[in-house]
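Novice: One structure, as C-alpha cells, below. Some questions next.
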Amino acid sequence: MSHPSIPQPKAEIFDQKRIGTLKAVLLVLGVVGIAGSVLLGLKNPAQFAYSWLFAFMYFFTICVGCLFWTLVHHATDAEWSVVVRRVLENVAALIPFVFLFFIPLIFFAPTLWRWWGIPVGVDDILDQKRPFLTHWFFLTRLALYFIGLTSVALLMKRNSTLQDADGHPRYTIAMRKLAFIGIPVMGVSLTFGAVDWLMGLDYKWFSTMWGVYIFAGAAGSAMSLLVLLVTGLRKAGYLHHVVTREHYHIMGKLMLAFCIFWAYIGFSQYMLIWYGNIPEETSYFLRRNVASWNAMSLILVIGRFFLPFPFLLLQGTKKHPRYLCLVAVWILLMQLLDLYIIVLPMLHQDGVAFHPLDLCALLAIGAPLAWLFLSGLSKHSLVPVRDPRIFESIKLTN
C-alpha cells in the first residue's frame, strides 16, 4: 500500500560510537559481577545458588516477555508496533545467551531443588511426583525449553531482517505462521520453567495459577523495558520520525493492562489458597508472611499495583515519555522485588537478609546481556523499514 504523504522511512543503523564508553563500562561491571560471584560464592555456596537463580529468572522472564510481544504482534497482525518491533526482536534474541547463565545452577541443583538428593522411599509426596521430578527429565525439559525458545526467537529475527532487503510479503506470512507455533512454545516453556525452577524450590507446594502469575510479571516488565529502550534510542537521535506519542500511549495502555492482570492473578492465587486452607498450598504464603518478609510482601502488593495503577490511568502519563519512563523503571524494580520474594525466603526463612551476592549476580548476568544487546543493534536497521505495515504504524492515531 502506498502513502504519498508519508516518505519511505530510511534504515537507521545504530552507531556504536554514540554510546561512548558505555560498552566498556558494561564489560567492567560484568567482570566485577562474575568475579564477586565466584569469590563470595566460594565462601557461601548456598547464597550463591539462590542469588544466581534470582538474577537468572529476572532476566529470563524479561527476555521471554519481549518474545511474547513479538509473537503477539504477528499473530494479531498489529500495525502500531511495527516501528518498535525490532527492539523487541533484539532483546528476545538474547534468550540463547540467557540460557548459558543457567549452567552454574545445574551444579547447585541439590542445594536449590531439595528433591534432587532425596532417594526413592524417603518421602511419600515426592515419590508420587517422581515421574516428573527426576534428574534426566529435568535436564531434558531444560534442553527443550532452550531449543524451543531459541529457535522461535532467532527465526523471528531472521525473517524480519531478511525482509529489510526486498520487502517481500512472504516474510510477513512466514512470521505470522511461526507466531501461531511460537506462542504455545513460549507459553509452555515459560510455565514449565517457572514450575521447574521456582515452584520446584519447595516440591511439596503447588499452585495451578503459578505459570500465569509468572507470565503476567514477564509481559508487564518486558513492555516497561521497551518503553525505556525506545526512549533511550530517541534520546540518542534515532526513531524520531517513526515513534510518536501515540505509540507511547499504546505502550502505556499495555503496561496498565498487565499491571491490573498481575494484581488479578496474584489476588486470585492468594484468595483460592487462603479459602482452601490446604497445608500443601498455604506453605508458600506462610513462609513469606513471617518477620521482615511480611513487610516485603506488603511493599510488593502496594508497589506493583496500587502505586503505578492510578498513574497509568491518566492519559497524560501514558503520552508523556518522561512520566511513562518513571513508571516503567518502577515496574521493573517491582519485578525484581517479586522474584526476590519468590526465591530468597527458601534460604533465609527467618527474614530478609540482603547479601552482596544478590547484586553481584545481577551484574554478572545483566551487564553482559546489555553489552550483547548494544552490539546487536548495529547489525540491522532499528526499524523494519520494508514491513508492509510500516506506513500504518507511522501514521498511528488512538
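The values are calculated or read from the model by the stated rules, or taken from the named source; none is laboratory data. Nothing here was measured: the structure is a model prediction, and the numbers come from that model. Heads up, the Cβs are rebuilt from the backbone with ideal geometry, glycines too, and the neighbour counts pull from every protein chain shown.
Novice: All but one of (1) part of a helix (DSSP H, G or I); (2) surrounded by fewer than 21 Cβ atoms within 10 Å (Cβ to Cβ); (3) touching a helix residue (DSSP H, G or I) at 6+ places or on another chain (Cβ under 8 Å); (4) at pLDDT below 95 hold for residue 336; state the number of the condition that does not hold.
Specialist: (4)
Novice: Let me ask another. Consider residue 27 carefully, then state whether it is closer than 28 Å to residue 176 by Cα and modelled with pLDDT of 95 or more.
Specialist: The answer is no for residue 27.
Novice: Another one. Any residue at all in the stretch 194-215 that's surrounded by 15 or more Cβ atoms within 10 Å (Cβ to Cβ) and over 20 Å from residue 341 (Cβ atoms)?
Specialist: Within the stretch 194-215 (the criterion being surrounded by 15 or more Cβ atoms within 10 Å (Cβ to Cβ) and over 20 Å from residue 341 (Cβ atoms)), the answer is no, since none of the residues qualifies.
Novice: May I pose another question? Applying the selection to the stretch 238-290, what residues are charged (D, E, K, R) and closer than 21 Å to residue 78 by Cα?
Specialist: The answer is 245, 246, 253.
Novice: Might you let me know whether the stretch 342-359 holds any residue that is in contact with a Leu (Cβ under 9 Å, 6 or more places away or on another chain), within 20 Å of residue 219 (Cα to Cα) and modelled with pLDDT of 95 or more?
Specialist: So far as the stretch 342-359 goes, yes, one or more of its residues are in contact with a Leu (Cβ under 9 Å, 6 or more places away or on another chain), within 20 Å of residue 219 (Cα to Cα) and modelled with pLDDT of 95 or more.
Novice: Then there is this: Against the definition (outside any helix (DSSP H, G or I) and in contact (Cβ under 8 Å) with a residue 40 or more places away in the chain), how does residue 46 come out, yes or no?
Specialist: Judged against the criteria, residue 46 is not a match.
Novice: Report those helices (runs of 4 or more DSSP H) wholly inside the stretch 59-166 carrying at least 3 residues which are free of Cβ contacts under 8 Å to residues at least 24 places away in the same chain.
Specialist: Correct list: 124-128, 135-166.
Conditions tested, residue by residue: (1) surrounded by fewer than 19 Cβ atoms within 10 Å (Cβ to Cβ); (2) within 30 Å of residue 391 (Cα to Cα).
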position: 129; (1), (2): yes, no
position: 135; (1), (2): yes, no
position: 140; (1), (2): yes, no
position: 143; (1), (2): yes, no
position: 146; (1), (2): yes, no
position: 151; (1), (2): yes, yes
position: 168; (1), (2): yes, yes
position: 171; (1), (2): no, yes
position: 175; (1), (2): no, yes
